[in-house]
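The values are calculated or read from the model by the stated rules, or taken from the named source; none is laboratory data. Treat the numbers as computed from the prediction; the structure is a model and nothing was measured. Don't worry about glycine lacking a Cβ; one is built from the backbone with ideal geometry, like all the others, and counts go over all protein chains shown.
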Amino acid sequence: MTTTPMNQMLGTRGYGATQRVRTLREQEADVFRRINYGLKAAINGNAIDRARAISDNRRLWLAIEVALVNPENQLPETTRVGILRLGRGVQREMDNQEPDIAFLIDINEQMIAGLSGDPG
């Protein structure tokens, strides 16, 4: 029984070490994946599930916008402008009375592909 806490501690350390070597792009792609998980669940969920998923997606895209307009952002200007335009389109869709969740999922999937180095 004394080995169980030690095994758990070592497992936790190993997991932490794995997380530290993940690139920022991989971590960003994971955020989109988590948001998409909520959006996919919301398709067949109730109104609260949909509102929560849309709200989470809205926070993600607002955070992206803030990062893109930051003067220290090192992405090329054309890339930043393109993502900003895309994000504003996503925001407009989320402002609709009944947002097209499949569209939001698709846009997020494209961002995941781009962050993962998969040109599609």
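Here are the numbers:
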| quantity | calculated |
| --- | --- |
| Residues located in the stretch 1-46, provided they are modelled with pLDDT of 95 or more and small (Gly, Ala, Ser) | Ala29, Gly38, Ala41, Ala42 |
| Lone unmet requirement of (1) without any contact (Cβ under 8 Å) to a residue 40 or more places away in the chain; (2) under 16 Å from the mean Cα position of the chain (by Cα) for Gly82 | (2) |
| The stretch 73-120, subset touching an Asp or Glu at 6+ places or on another chain (Cβ under 7 Å) and modelled with pLDDT of 95 or more, residue surrounded by the fewest Cβ atoms within 10 Å (Cβ to Cβ) | Asp100 |
| Scan of the stretch 94-120 for residues that are farther than 19 Å from Arg33 by Cα and either among the β-branched types (Val, Ile, Thr) or not in a loop (DSSP other than H, G, I, E, B) (or both), ordered by number | Asp95 |
| Residues of the stretch 23-62 that turn out to be buried (at least 18 other Cβ atoms within 10 Å of the Cβ), in contact (Cβ under 8 Å) with a residue 40 or more places away in the chain and either β-branched (Val, Ile, Thr) or in contact with a Gly (Cβ under 7 Å, 6 or more places away or on another chain) (or both), as a count | 3 |
